Amino acid sequence: MDIHIYDRILKLRALRNYEKRAVSATHVDQLIEAARWTGSSKNRQNWSFIVVDDPQQQIALADAGDFTDPVRNAPLTIALVQEPEGYEFDTGRLAQNIMLAADALGIATCPITLHRDEVAAKVLGLPQDRRCRYAIAVGYPAESAEPANFGGRKPVDEVRFRNSYGR
Ligand SMILES: Cc1cc2nc3c(=O)[nH]c(=O)nc-3n(C[C@H](O)[C@H](O)[C@H](O)COP(=O)(O)O)c2cc1C
């Protein structure tokens, strides 16, 4: 049993303030590797990743969502592309793998919704049948980086049932 990993899973938080410096190429490779090894339905891996580190491109991408300041603040954003026949469940798993790997490497992340994914598709130059609705803002945590206080979690009794809903 690795209590440290379990503890990190419980403590993983979205962080939205980053150092200005670029994320190292080795770290970027390690994050993409963590994404690439995510499990997917029937191992189809219907996904791709766009590493966005051009500041103009980041600003344009940020305009595709409503709460995208982390993208504007971050030196890097990883756009998660759903390829044909990909599932949103896969995208969620990718996001969590990237975030946990980043945390292990001392890197802060924030999941991002691109509410206007048609804008994101245009910015990223996606073919018609690809979609990008989620991205991960990535950067070394600023000294001041603190998770936003949106509250903790619902009590377990509110969300855990046994054998059927509501019991
Ligand atoms: C699917 C999904 C989309 C999210 N989109 C955004 C977003 O667009 N902008 C943002 O700042 N945070 C976003 N978040 C982060 C959540 O606000 C954050 O995970 C939640 O408030 C709980 O905080 P914590 O992760 O720090 O515990 C998103 C999280 C998820 C899971």
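The candidates LEU105, LEU12, arranged from most to least accessible area with a 1.4 Å probe in the full protein assembly, appear as LEU105, LEU12.
If R0 equals 30 Å, the separation of the Cβ atoms of MET1 and GLU85 corresponds to a calculated FRET efficiency of about 0.20. Computed from backbone phi, the HN-Hα couplings of region 130-139 come to 10, 9, 9, 10, 10, 8, 10, 7, 9, x Hz, rounded to whole numbers (Karplus: 6.51 cos²θ - 1.76 cosθ + 1.60, θ = phi - 60°; Gly and Pro given as x).
Taking 0.36 nm per residue of sequence separation and removing the Cα-Cα distance, the GLU143/VAL51 pair yields an extension gain of 30.7 nm. Take the alpha carbon gyration tensor of region 12-141, find the square roots of its eigenvalues, order them as a ≥ b ≥ c, and report rounded if a/c is under 1.5; if not, report prolate when a/b exceeds b/c, else oblate. Cα axes put region 12-141 in the oblate bin. Net length available on complete extension from ASP129 to TYR165 is 9.3 nm, with 0.36 nm assigned per residue and the Cα-Cα distance removed. Model label sites at LYS11 and SER41, defined 7 Å from Cα along the beta-carbon direction, differ in position by 3.6 nm. Note on GLU19/ASP66: beta-carbon distance plugged into 1/(1 + (r/R0)^6) with R0 of 25 Å gives a FRET efficiency of 0.50.
The values are calculated or read from the model by the stated rules, or taken from the named source; none is laboratory data. Treat the numbers as computed from the prediction; the structure is a model and nothing was measured. No Cβ is skipped: glycine too gets one built from the backbone with ideal geometry, and neighbour counts run over all protein chains shown. Surface areas here come from the heavy atoms of the whole protein model, side chains and all, with no ligands, DNA or RNA. Shrake-Rupley method; radii C 1.70, N 1.55, O 1.52, S 1.80 Å.
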